[in-house]
1. What's the total number of residues in region B:118-138 that are more than 25 Å from the chain's Cα centre (by Cα) and part of a strand (DSSP E or B)?
2. Restricting to region A:497-516, give me the number of residues that are in contact (Cβ under 8 Å) with a residue 40 or more places away in the chain and either touching an Asp or Glu at 6+ places or on another chain (Cβ under 7 Å) or among the basic types (Lys, Arg) (or both).
3. Evaluate region B:116-124: report whether one residue or more is among the hydrophobic types (A, V, I, L, M, F, W, C) and either under 24 Å from B:Ile52 (Cβ atoms) or touching a strand residue (DSSP E or B) at 6+ places or on another chain (Cβ under 6 Å) (or both).
4. What do you reckon, is A:Glu151 surrounded by fewer than 20 Cβ atoms within 10 Å (Cβ to Cβ), within 26 Å of A:Gly532 (Cβ to Cβ) and charged (D, E, K, R)?
5. Can you go through B:Glu476, B:Glu482, B:Glu502 and tell me which one is open to solvent by less than 30 Å² (accessible area, probe 1.4 Å) and in contact with a strand residue (DSSP E or B) (Cβ under 6 Å, 6 or more places away or on another chain)?
6. Please verify whether region B:309-321 includes one or more residues that are open to solvent by less than 40 Å² (accessible area, probe 1.4 Å), under 15 Å from B:Asp222 (Cα atoms) and within 14 Å of chain A (Cβ to nearest Cβ).
7. Could you look through region B:291-319, keep only residues that are among the hydrophobic types (A, V, I, L, M, F, W, C) and in contact with a Phe, Trp or Tyr (Cβ under 7 Å, 6 or more places away or on another chain), and pick out the one that is farthest from B:Glu343 (Cα to Cα)?
8. Within region A:274-297, how many residues are outside any loop (DSSP other than H, G, I, E, B) and in contact (Cβ under 8 Å) with a residue 12 or more places away in the chain?
Protein chains: 2
Amino acid sequence: MNCIMLFIVYLLTFIHFSYCEVKYIEIKAPLKGERSDPGSPWPLPRSWTRTIATLTLAPDTFELKSAHSKDCDIIEQALLRYRGLIFDQPSSTKISPNHRELESMRVTISDTSCGYPKLGDDEHYTLSIPSYSHGATIKAKTVWGALRALETFSQLVFTKNQDGHNYYLINATTIEDWPRFSYRGLHIDTARHFIPVNILLKNLEAMAYNKLNVFHWHISDDQSFPLESKLFPNLTQTGAYSPAHIYRQSDVRRIISEARLRGIRVIPEIDTPGHTQSFGKAFPKLLTACYVGDEPFQAKYNVHGEAEILNPSRNYTYQFFKDLFTEIRGLFRDEYIHLGMDEVYPECWESNPEIREFMNLQNLRTMTELEQYYARRTIATAKQIGYKYMIWQDPLDKGVQVSNDTIVQVWKSSDEKRNWQDDVRSIARKRHQVIVSSCWYLNKISYGPDWIEYYKCDPRSFEGSLDEKEYVIGGEACMWTEYVDQTNILSRIWPRASAVAERLWSHPRDTNSTDDAQFRLDEHRCRMLRRGIPAQPIGPGFCGPYDLTSNANSIISSQNQLIVLMCSLLVITRINFRAIF
Amino acid sequence: MNCIMLFIVYLLTFIHFSYCEVKYIEIKAPLKGERSDPGSPWPLPRSWTRTIATLTLAPDTFELKSAHSKDCDIIEQALLRYRGLIFDQPSSTKISPNHRELESMRVTISDTSCGYPKLGDDEHYTLSIPSYSHGATIKAKTVWGALRALETFSQLVFTKNQDGHNYYLINATTIEDWPRFSYRGLHIDTARHFIPVNILLKNLEAMAYNKLNVFHWHISDDQSFPLESKLFPNLTQTGAYSPAHIYRQSDVRRIISEARLRGIRVIPEIDTPGHTQSFGKAFPKLLTACYVGDEPFQAKYNVHGEAEILNPSRNYTYQFFKDLFTEIRGLFRDEYIHLGMDEVYPECWESNPEIREFMNLQNLRTMTELEQYYARRTIATAKQIGYKYMIWQDPLDKGVQVSNDTIVQVWKSSDEKRNWQDDVRSIARKRHQVIVSSCWYLNKISYGPDWIEYYKCDPRSFEGSLDEKEYVIGGEACMWTEYVDQTNILSRIWPRASAVAERLWSHPRDTNSTDDAQFRLDEHRCRMLRRGIPAQPIGPGFCGPYDLTSNANSIISSQNQLIVLMCSLLVITRINFRAIF
């Protein structure tokens, strides 16, 4: 009797050990919702049919292959990368004797282009793991679809302990999948704090695990200018926090290259005409001197600094940014640049006599007209050098009109006076494509499972025609870094941005229960942890032994994992032996 | 002219580079308050006289010595440790040619006891760095005072770049210092999430950097029981999350030993009679079966689980905990145990016929009387095995009377119905010593610089007599871990707990400006970062090159630091050369 009891304990321990588990906050309020099976993907595919037939994979001999890997480094690298991600747990190298073996996965694409990802790319894929054949298949039109499919495939694989061995298993499954939105972004501010390159690279990995496809890089701001410019080296020599806090152009190229391999666009933001104080250190002529009375360079607390916001009255300003944007266009490979244009407070411009004179000459009667002058001229500059462009919503709020091909990012959250959905509708009616961020400001932390609010937010949840809703082409989670740096950025982004990622990829009909989603999200956060992303927990519980060594920001040493696992297995085995003998 | 300009840039870069700097959120609202000089200590000493005379230290030859180091491992280890902490930046090994050298620091204590720290220890010290002599002195009554003094001394040392060399400097200084409160605690819950041993050890280091002296270890709760018991091995075999999520007794001994070396007490909390579901897995008899109608083991959503809260009617319960407490008393070395006693909801007890019968027999008329029965008997058990004890405030809220020597921890925060200061006063009037945590729940995160609210909170800010205020013997920052694990615990505790630490150590008269304190706190958080604690930022800005490699939870490799520094110096030197030639 005692032996049987202990054997049950041993089995229970095994189950505990193999799978992650999120727990209640209080006994009296157990978690609602349906627990997901191991190997449940995040974000949820469009159509996902899973059978009970379970296949086994052999880490040493499983073939992950594609006829395109010779011609396209994206495919070649992805196959290598996903082999590591699929077989990322210490395990038996043998196949489970109780299951049919899945011997291979073949990836096929019909359009073999192998360039940079761009807005509107086809990411459709089908994934078939038949129960009757030894070979699985991924079919996609483009390489980007193939990347999304490989991510899904890697998530379907799980491990299970049987008879003291840890086997890789997968259910026979058919998936057809494509994203709801083409623009699925994550924004990081590297000006309030410099975020080290290795953290940005790790973040790109996490984005790929969540099928996010745009890294919106808010490079510069008032506080610092960290991007090396060969044309204007003084920008970082005076504008960066220190010589150590600079993104070299080689760093940028590496980031863009790693992003491309994961189907992630990198859109640089050079925010103007506000948020530009760091430019003024090397190029004081760019900024507007703020006046108090007749005195220039006078700060007025809570109104303006001594000098701030670009001077829109000087040709010098436009020429400078034309040159800078041209350099940036050569460095960053995306079709788009984000031009910022948020939070242009009029007080400093108003106080400056040179600007008042310029307005008279140009017949600009209001500050809004001046802002419109700046916006149009800057957008024209960007267009002239071959850029497409995005801006924050602020100019449109004030009635500034910009050319129709400008993508507008709605960021202001709802309060007593405004409702972000109204902003989206109003901008969509002006026939601008819209990116929604209002409900996804990850920096605005709050206690508890705030992913739930992110999950519930829908970028198309405004009253409007179908046609108007089509103008919403995506959304973006934003991480401003006033209170965030390398110590906490990754744990604070993940898995909170995962909630946004599923909202932007999956069909809302299938993803309307946070009670159900929490279990899949928990598995996904544990998966990220296993892959070296220090994603924070969504509730009490644990993952696996890898959560003990998964120090934030450090890549998990698989050796360490192995040691922990082996020690744990020894403990378990001891219990087991005690039970049997 | 251009040369001079560039030389100024070079100097500015140097200043940037040497010192950390916290920045404004918006240009229009520059930070208020007085910037502290480098080498400003946190928490602020009682009396601190700093002269402009600056001395230089030679890392290779500086003597940090004490006559007591042979007899007391605490002193011996501290001298070794602080040598590393003082000289923790890549630097020239030479002394600055422009300053007199400080050749040594001699530590003297009058009471040479070298045991475990306890409540009420004398932590007074004087520290003298004269400008006219080559030797500095620390004098303290106890080893604990000497530890606090060494911490302060290590914080007074700073580095400065002169002529391309990085020198260690210190101002001639006189300090007399002692803590305002004897109990300065930090509480960590290791039941909602298992916090790995290396993280707990790192946290002890950070506590020492902040002169906190009590680690209140909330070991177990409903969700898990992670403490190895030799007496009841089933407790962890079924109650721990997994065999990997257990604190072995050797782990506990190591934690206590490292804490002792830093003058930190470790108080274990075994929370009863609520928060005990994890005990029930191995010992179901301990728990109360909850009834719905006549049916036992019935959960009622948001009221009770199937079985929960210890069964106070069985002698078995008291005997079990007597045995467990006895084992714990032998393992943990502190005089105190925390007995919990929070959040005892009456519904399950009320529903159970066995308990109703017991109440009849014992003539207990109300649930409060039953709770009082449990509390008194459990406290008597603790007393019997030689323990002193603490509890949470809950029993006293309900009118339960417990013996006067029970320390009561006030944790409930103010809301519409209650005011925590009233709770403190009411408990102090009942002549219980009080620990305040109400305003220091670190887990309840909010956006922005929430350290300010922690800093403003004073545990004696209630209307009461001086005598009543004396009953408040300290405070404690609490980190509950529902949403916190190894990925985010250290960055979330630090430097927010530093605000609490200064409030508990320093005189409120000298620490009433958060505008001034922010600069010293910023320097302190950068100091912690340099020492390998991933303390999060309090605002925009940067520390030094070490903030690039200071991955959370990983000890900074000084080699990496050196490389970053050398690269940076090369850049600076290039600027410099360009300026001169």
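1. Within region B:118-138, the first condition is being more than 25 Å from the chain's Cα centre (by Cα), and the residues that meet it are B:128-137.
Okay, now just the ones that are also part of a strand (DSSP E or B), so B:128-129, B:135-137.
Counting residues in region B:118-138 that are more than 25 Å from the chain's Cα centre (by Cα) and part of a strand (DSSP E or B) gives 5.
2. Residues flagged as in contact (Cβ under 8 Å) with a residue 40 or more places away in the chain and either touching an Asp or Glu at 6+ places or on another chain (Cβ under 7 Å) or among the basic types (Lys, Arg) (or both) within region A:497-516 amount to 4.
3. The answer is no; no qualifying residue exists.
4. no
5. Being open to solvent by less than 30 Å² (accessible area, probe 1.4 Å) and in contact with a strand residue (DSSP E or B) (Cβ under 6 Å, 6 or more places away or on another chain) holds for just one of B:Glu476, B:Glu482, B:Glu502, which is B:Glu476.
6. Scanning region B:309-321, I find at least one residue that is open to solvent by less than 40 Å² (accessible area, probe 1.4 Å), under 15 Å from B:Asp222 (Cα atoms) and within 14 Å of chain A (Cβ to nearest Cβ), so the answer is yes.
7. Filtering region B:291-319 for residues that are among the hydrophobic types (A, V, I, L, M, F, W, C) and in contact with a Phe, Trp or Tyr (Cβ under 7 Å, 6 or more places away or on another chain), the one farthest from B:Glu343 (Cα to Cα) comes out as B:Ala307.
8. 11
The values are calculated or read from the model by the stated rules, or taken from the named source; none is laboratory data. This one's a predicted model, so the numbers in the text were calculated from it and none came from an experiment. Backbone-built Cβ (ideal geometry, glycine too); neighbour counts: all protein chains shown. To get the accessible areas, we keep the full protein, side chains included, count just its heavy atoms, and leave off ligands, DNA and RNA. Shrake-Rupley method; radii C 1.70, N 1.55, O 1.52, S 1.80 Å.
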